[in-house]
Every structure is written in C-alpha cells, then in structure tokens.
1. Any idea how far the Cα center of segment 106-172 sits from the one of segment 12-32, in Å?
2. Collect residues whose amide H, placed 1.01 Å from N in the peptide plane, falls under 5 Å from the amide H of G109; neighbours closer than 5 in sequence don't count.
3. What does the charge add up to near V261, with Lys and Arg as +1, Asp and Glu as -1, over the other residues with Cβ less than 9 Å from its Cβ?
4. Given the DSSP H assignment, sum -39500 (n - 2.57) over each helix run of at least 4 residues in the chain and divide by its residue total; what's the result at 222 nm in deg cm²/dmol, nearest 500?
5. Of the peptides 271-280, 91-100, how do they stack up when ordered by the mean number of other Cβ atoms within 10 Å, highest first?
6. Where the only charges are on Cβ atoms (+1 Lys, Arg; -1 Asp, Glu), what is the dipole of the chain about its Cα centre, to the nearest 20 debye?
7. Under 25 Å from the Cα of K10, which lysines turn up, not counting those fewer than eight places away in the same chain?
8. Taking θ as phi - 60°, what are the ³J(HN,Hα) couplings along segment 88-93 by the Karplus curve (6.51, -1.76, 1.60), each to the nearest whole Hz, with x for Gly and Pro?
Amino acid sequence: CLISIVDISKPRYVRVNTLKLDLKSALQELGKQNKVHEDDMVPDLLVLPPGVDLHNHPLVLNGSVFMQGKASSMAAAALQPEPGWEVLDACAAPGNKTVHLAALTHGKGKILACELHKERVQRLKETITLAGAANVEVLNEDFLNLNPKHTSYSKVRAILLDPSCSGSGTSAVRLDHLLPSHGAGNDDAGINRLIKLQAFQKKALAHALSFPAVERLVYSTCSVHQIENEDVIKSVLPLALSLGFQLATPFPLWARRGLPVVEGSEHLLRTDPAEDKEGFFIALFVRKSTIAENRP
Ligand code: SAM
C-alpha cells in the first residue's frame with residue numbers, strides 16, 4: 001500500500017522574509033524570470049509555477065526569501081503574534097517557523113527558540129543568521145523542562161508548538177497502512193512509534209497550555225494521522241477549557257478542516273498531501289489576555 005504523493009504539477013511557494021526584503025521588491029525580482037503572484041490566503045507568500053528551481057537563486061541564498069510550502073507557512077501565520085510580544089517556539093530547529101515568527105513580529109519583542117538536540121541547534125542558529133532575525137534567543141533545552149512559572153517566561157504571550165511527528169504528510173510514502181483504522185495495523189514498530197510520538201505531543205501541548213501569560217497557542221504537525229492530530233487535541237481539550245482556552249479557526253476560508261472525531265473539529269485545519277502538496281495539521285487555541293487586564 002505505497003502511494004506516491006510527490007506531485008510536480010503543484011505550484012512552488014516562497015515566503016518573503018520581510019526582515020530583509022519587502023513584498024513588492026520580491027515580486028519584482030522573482031518576476032524577472034518567472035510568473036509570480038501573491039498567495040490568496042497566507043500573507044508574504046508568493047506562488048511560482050510548478051517545477052521552478054530556486055535553490056540557487058540569490059534571494060534564497062541571501063535569506064531574502066525562504067522556500068517554504070504553503071501549509072507550513074500557515075502555522076506561524078495562524079499564531080498571529082504582534083510586534084513587541086514575547087513568543088516561544090517550543091520545538092524550533094531547523095528554524096523555518098522561528099524566523100517566520102521573527103518576521104511577523106517585525107523584529108520587535110522576543111522570540112525564544114527552544115531546541116532539545118544540540119546538533120540541530122547549530123542548524124537553527126544558521127537559519128536565524130541567514131534570516132537576519134536579531135530578536136531571537138536560542139535555548140538548547142528540553143521544552144518539557146522549561147518551568148512555566150519562572151520569571152523568564154512570565155511574558156510569553158504566544159507559543160508555537162511544532163513537535164516531532166511522523167512526518168507522514170511530507171514523505172513520499174503514505175503510512176496510512178500502519179493505522180488500525182485503515183485495516184492492517186500489523187506493523188507493530190510503526191504503531192509503537194506513533195504511540196510514542198503521541199505521548200510526547202500530548203505532554204508538550206499540556207505543558208504549553210500551562211504558561212501563565214499565553215493567549216495564543218498553535219499546535220501543528222506535518223502528519224496526516226488522526227492519532228497525532230485530532231486525538232491529541234481531544235485528550236488535552238478538557239485541560240485547555242479549564243485554563244480558559246478555546247479552539248479558534250485559523251484561516252476561516254480554508255475548506256479542509258479537522259476529522260469530526262472531536263468537539264470543535266470544524267476549527268481545526270488540515271491540508272491534504274495530494275491536493276495541497278503537503279499534509280499538515282493546525283490547531284489554534286486562544287484565551288483572553290491576562291496581561292492587558294492587569295495594566296493600570
Ligand atoms: N518548527 C521547525 C521548523 O519549522 O523549522 C520544525 C520542528 S521539528 C518538527 C521538531 C523539532 O523538535 C526537532 O528539531 C526536534 O529535535 C525538536 N524536539 C524534540 N523533542 C524536543 C523537546 N523535548 N524539547 C525541545 N525540542 C524538541
């Protein structure tokens with residue numbers, strides 16, 4: 001049951017790094033050699049024809065644009081951090097979404113980029129340098145060990161949690177045959193891996209919800225599996241509600257929403273590997289600001 005999802009008929013996307021280049025100039029530069037237009041939903045995302053190879057384009061090499069798919073660009077955009085906010089990127093390397101957050105906050109405020117694995121921290125730092133993102137602080141830590149009550153995190157108003165996942169939405173081979181709901185369920189190693197990933201994803205999401213000043217939280221994966229997506233949301237939803245969070249609807253005009261296995265699934269966002277080139281999942285939690293209420 002191996003289904004290829006590589007589709008060269010789909011457009012190419014680049015995200016303009018507005019820390020280095022404005023949208024108009026990027027359109028002009030890229031338009032010299034290719035047809036290019038703005039995406040209709042995701043700000044600062046440009047659409048180019050299928051098959052265009054930009055790996056060696058000067059704007060890519062100098063960090064003015066990032067080759068980032070539409071679905072993965074939606075995660076930081078859904079978080080909508082405001083300039084001046086402190087934002088925590090809980091699982092940050094290689095840093096594509098970290099530098100997107102830096103651009104969305106216009107380089108103002110602070111992005112805390114947390115990454116467990118030392119060897120991946122190096123790659124994260126390279127991405128940050130390439131993007132010219134000066135307001136990012138890198139933490140080589142286990143996100144689960146960050147103490148939400150510590151004063152270092154008392155002003156964190158938004159968290160992006162893009163944890164390790166199976167990557168089943170981006171690999172060339174679908175893993176659906178590993179899931180019990182898809183019949184076979186006879187690959188114990190595959191199932192065990194998904195169960196382990198889910199255990200971490202649930203723990204990390206519950207941990208993220210416990211940061212006291214957080215008012216917007218995005219949970220995202222590049223997995224197509226319910227077990228890593230809707231099931232994770234379902235398990236933390238009672239905790240989220242008890243802490244004053246609600247599910248909100250990122251990109252309301254986007255048609256593909258969550259599987260109807262959890263209350264509020266219509267708020268969840270899915271992209272489809274075949275239709276949208278990448279299989280992605282986004283959940284957005286919001287709660288009323290406590291910081292604003294405490295202002296004199
Ligand atoms: N958001 C990144 C991006 O868009 O470039 C991709 C993140 S990747 C899906 C997940 C990352 O989380 C990996 O780099 C992994 O090493 C890191 N990670 C895994 N467990 C972690 C933990 N307990 N604390 C912090 N980072 C962790």
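We did not get these values from a lab; they are worked out from the coordinates using the rules stated. Keep in mind that this is a model prediction, so the values were computed, not measured. Every residue, glycine as well, gets a Cβ built from its backbone with ideal geometry; the counts of neighbours run over all protein chains shown.
1. Each part's Cα centre sits 25 Å from the other's.
2. Long-range HN contacts for G109: G84.
3. -1
4. Calculated at 222 nm, the ellipticity per residue is -9000 deg cm²/dmol.
5. On the way: 271-280: 19.8, 91-100: 25.3.
For the peptides 271-280, 91-100, the packing ranking is 91-100, 271-280.
6. Charge dipole of the chain: 560 debye, to the nearest 20.
7. Partners within reach: K24, K32, K35, K70, K97, K277.
8. 10, 9, 6, 9, 8, 5
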